[in-house]
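Heads up, the thing below is written out as structure tokens.
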Amino acid sequence: MVTRDVHTRRYILKTAIGGAAGIVLGNPARGLAAFAAQGAPGSPAIQQLSDDLFIVTLPGEANVLAHTTRGGVLLVDGASAAASEALMKAVTALPGGGPVHTLFNTHWHPEQTGSNEAIGKAGKTIIAQENTKLWLSTDVTWSWNQKRFKRLPKVAQPNKTFYTTGKLEPKERREGVPVDSVLQYGYIPDAAHTDGDLYVYFPQQNVLAVGDAVSGQGWPVVDWQTGGWIGGIVGGLQRLQTIANAETKIVPGRGPVLTLADLKKQATMYGTIYDRLSTMLNKGRGPTEAVEAKPTKEFDAEMGNGDEFVRRSFESLWAYLSPDA
Ligand SMILES: [Zn+2]
């Protein structure tokens with residue numbers, strides 16, 4: 001069970017909810033096979049977004065955004081530990097590629113932070129929102145399936161943290177790129193996926209990396225154990241629409257590149273589900289009744305079975321809205 005000072009208020013409630021929930025986390029890989037199938041078996045799928053930006057996806061792994069610069073490569077997320085070595089090879093082999101100088105953790109999950117140890121040991125920069133560093137510094141157990149996550153060793157923890165926003169200075173950029181292209185990053189405080197979500201925006205290339213704050217394939221994991229909730233999914237989608245424009249390429253944690261229109265469509269869908277679950281919560285219903293009411297039914301044909309998502313979302317409302325939480 002998670003016990004950390006800033007989250008202690010939710011501790012007792014989460015324990016209670018966790019005891020009631022027994023469904024094993026579903027397989028989120030639906031659809032990834034099609035996306036990753038661009039490469040030969042075992043080799044990474046590479047999607048080029050601009051001269052110096054590439055999505056590198058190893059089989060079964062989350063998306064990694066690689067920015068090739070004169071001083072090496074900047075990564076947004078670093079795949080799982082099992083894939084880290086293959087990722088570093090793939091990144092070195094990119095046009096303009098080389099060793100990694102900076103790694104962003106969009107959030108704490110192992111699918112994103114598996115290269116932290118190698119990059120930390122190499123003395124390079126690992127940037128994360130402060131809450132992500134806190135989660136990576138503690139053991140986490142998900143109440144709903146008892147899945148355990150060990151804290152990372154000190155050397156693998158983010159060594160540059162922020163609370164709200166930041167930017168990287170021109171030394172990170174390629175030659176000949178205008179000064180206004182300084183890379184921007186910021187906190188997504190809505191807690192769409194965890195309470196440490198960040199985005200990274202490349203204005204020159206008009207590419208926005210959002211991690212799992214936006215799901216690019218199927219229903220998302222609602223990790224309320226570390227702060228995520230259904231209202232945050234809606235809030236995050238609305239917030240990110242203020243950064244993106246109609247031409248922005250939006251890179252989610254998994255799945256294909258999205259557009260502003262996709263964010264709008266998702267915000268409407270999750271808003272509808274949020275309203276339905278809130279209504280049920282206010283009538284005193286529980287997670288099992290919420291699942292039985294099929295509040296995602298008109299979306300399931302496109303998104304897949306929503307039961308697991310609904311249960312986690314309802315629990316997240318409970319955790320988030322209860323006066324004790
Ligand atoms: Zn995640």
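The values are calculated or read from the model by the stated rules, or taken from the named source; none is laboratory data. Since this is a predicted model, take the numbers as computed values, not measurements. Note: ideal-geometry Cβ built from the backbone for every residue, glycine included; neighbour counts use all protein chains shown.
Odds and ends about this structure:
- Residue within region 144-156 that is within 16 Å of the ligand (Cβ to nearest atom), modelled with pLDDT of 95 or more and buried (at least 18 other Cβ atoms within 10 Å of the Cβ) present: yes
- Listed by first and then second residue, the pairs with beta-carbon distance under 6 Å, at least 6 apart or on different chains, first residue in region 95-111 and among the β-branched types (Val, Ile, Thr) and within 16 Å of the ligand (Cβ to nearest atom), second in a loop (DSSP other than H, G, I, E, B) and modelled with pLDDT of 95 or more, are Thr106/Asp77.
- In the condition set (1) part of a loop (DSSP other than H, G, I, E, B); (2) over 17 Å from Val251 (Cα atoms), His107 is compliant with all but (2).
- Region 275-318 - residue that is in contact with a Gly (Cβ under 9 Å, 6 or more places away or on another chain) and hydrophobic (A, V, I, L, M, F, W, C) and, of those, farthest from Gly228 (Cα to Cα): Phe299
- Restricted to region 188-210, and to residues there that are part of a loop (DSSP other than H, G, I, E, B) and in contact with an Asp or Glu (Cβ under 6 Å, 6 or more places away or on another chain), the residue that is farthest from the ligand (Cβ to nearest atom) is Asn206.
- For region 51-94, a tally of residues being assigned to a strand (DSSP E or B), in contact with an Asp or Glu (Cβ under 6 Å, 6 or more places away or on another chain) and within 16 Å of the ligand (Cβ to nearest atom) returns 1.
- Condition met for Ala213 (among the aliphatic types (A, V, I, L, M), in contact with a His (Cβ under 7 Å, 6 or more places away or on another chain) and within 16 Å of the ligand (Cβ to nearest atom)): yes
- Every condition in (1) hydroxyl-bearing (Ser, Thr, Tyr); (2) assigned to a helix (DSSP H, G or I); (3) touching a Pro at 6+ places or on another chain (Cβ under 9 Å) holds for Ser215 except the one numbered (2).
- Phe309 at pLDDT 95 or above, assigned to a helix (DSSP H, G or I) and under 21 Å from the mean Cα position of the chain (by Cα): yes
- Taken together, the residues in region 216-247 that are more than 13 Å from the ligand (Cβ to nearest atom), among the β-branched types (Val, Ile, Thr) and more than 15 Å from Gly186 (Cβ to Cβ) amount to 2.
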